[in-house]
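Read through the structure below, which is laid out as structure tokens, and then see the notes.
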Amino acid sequence: MKKFILLLILLCSVLNVIVAQEKLAIPDSVLFAGEKHFKNIRQLTFGGDNAEAYWSFDGKSIIFQRTNSKEGLICDQIFIGKIPSKPEEPFTYKMVSSGKGRTTCSYFLPDGKHIIYASTHLGADSCPPVPDRSKYGNKYIWPLYDSYDIFMADLNGKIVKQLTTAKGYDAEGTLSPDGKKMIYCSDKDGDLDLYVMDLASGKEKKVTNTLGYDGGAWFSPDGKKIVWRASRPTTAAEVKEYKELLAEGMVAPTHMEVYVANADGSNAKQITFLEQANWAPNFTPDGKHIIFCSNHEYKRGFPFNMYLTDINGKGLEKVSRDRGFDAFPMFSPDGKKIIFASNRNNGGTRDTNLFVADWVE
């Protein structure tokens, strides 16, 4: 009996060492060593997939997309919530999309009373099917649902205007600093390009024309420039694969770089040459730097961290250090805070949550 007890104690000790080593190897934290730009970081959501959180024009609220099968949210819906002003104040949020179809890429209007977002609900009430990646060698691919259109709604979820009507994928909309123009991605002309629309008149201009995926665009704080992610297939094999996937309503986002141009699309230039996936770019408050997400440090294509560079692609600096996923950064209108999505502090699950922090220069 004594031998059995001693053996049991020894076994527990070994297990404790293994667990301790695993915890040491994969720390779970809201802040990691080297993240010098973050101060007073706070986790806002707990559980599910929460992403693409963007500030209201007054800097008091955020709008984001969320899915959580435990709550009956099978695919992304749009939520809004007020940022707590005190540490003890909880972050509460409510759904403002219809609950039908899949939604993505939401944004506040300057009046604080309306929002825009893309939705597939006109195609069907149910979630559109997820692509079968096995057909494409299990490559990582994004679906481009042709039922996506962009809508304007009030804060109670009532849709007041349909902004896009063309057949095909229309999504990824953000607004200019004055709220008068929307830049978004569409495949209505046979390729994935960026369009700038005047919200009042509906008139628009196509601002990219090179073969490849152009999306995820943002205006600079002064509205004079844009930044976006782009793929540029060049070899015959790359072009063939890109066109074949596009014809099936998909794109492989595994090789993208960051581009900057004037707001009308002129003087476009590539500013990252890092290979792999460089995406989710956004301007810093001074308009002279870009913050973006990348996996270029890791040959296996993971983790994703956030990086800073100047507007010419110089002075690359690593900002975040989670061993999973950090992305979708956006600075508050006053430039004092940053919000982003991350896998950090998720208890070893695959949950992606929202984090807000004071930004330290």
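Observations on the model:
- Test: residue 273 is under 23 Å from residue 212 (Cα atoms), out of contact with any Pro (no Cβ under 9 Å at 6 or more places or on another chain), surrounded by fewer than 16 Cβ atoms within 10 Å (Cβ to Cβ) and without any contact (Cβ under 8 Å) to a residue 60 or more places away in the chain: yes
- Any hit, the stretch 228-243, residues being hydroxyl-bearing (Ser, Thr, Tyr) and surrounded by fewer than 18 Cβ atoms within 10 Å (Cβ to Cβ): yes
- Being surrounded by 13 or more Cβ atoms within 10 Å (Cβ to Cβ) and either over 27 Å from residue 84 (Cβ atoms) or of a type in the set (Val, Ile, Thr) (or both) is a property that holds for residue 279.
- Among the residues of the stretch 159-191, the one identified as outside any loop (DSSP other than H, G, I, E, B), within 19 Å of residue 247 (Cα to Cα) and free of Cβ contacts under 8 Å to residues at least 24 places away in the same chain is 186.
- Residue in the stretch 228-242 that is touching a Ser or Thr at 6+ places or on another chain (Cβ under 8 Å), without any contact (Cβ under 8 Å) to a residue 60 or more places away in the chain and over 17 Å from residue 265 (Cβ atoms) present: yes
- Test for residue 354: is it surrounded by fewer than 20 Cβ atoms within 10 Å (Cβ to Cβ) and among the hydrophobic types (A, V, I, L, M, F, W, C): no
- The condition (being among the hydroxyl-bearing types (Ser, Thr, Tyr), surrounded by fewer than 16 Cβ atoms within 10 Å (Cβ to Cβ) and under 30 Å from residue 178 (Cα atoms)) is satisfied by just one residue among 266, 294, 332: 266.
- Selection within the stretch 39-58 - farther than 19 Å from residue 336 by Cβ and of a type outside the set (Gly, Ala, Ser): 45, 46, 49, 50, 52
- Looking only at residues of the stretch 309-328 that are in contact (Cβ under 8 Å) with a residue 24 or more places away in the chain and either under 15 Å from residue 220 (Cβ atoms) or among the basic types (Lys, Arg) (or both), we find that the one that is surrounded by the most Cβ atoms within 10 Å (Cβ to Cβ) is 309.
- Residue count for the stretch 315-361 satisfying the condition of being in a loop (DSSP other than H, G, I, E, B) and either among the polar types (S, T, N, Q) or closer than 26 Å to residue 69 by Cβ (or both): 14.
Read-outs: derived from the displayed coordinates by stated rules, not from any lab. Bear in mind that the values here come from a model prediction, so they are computed numbers and not experimental data. With ideal geometry, Cβ positions are generated from the backbone for all residues, glycine too; neighbour counts draw on all protein chains shown.
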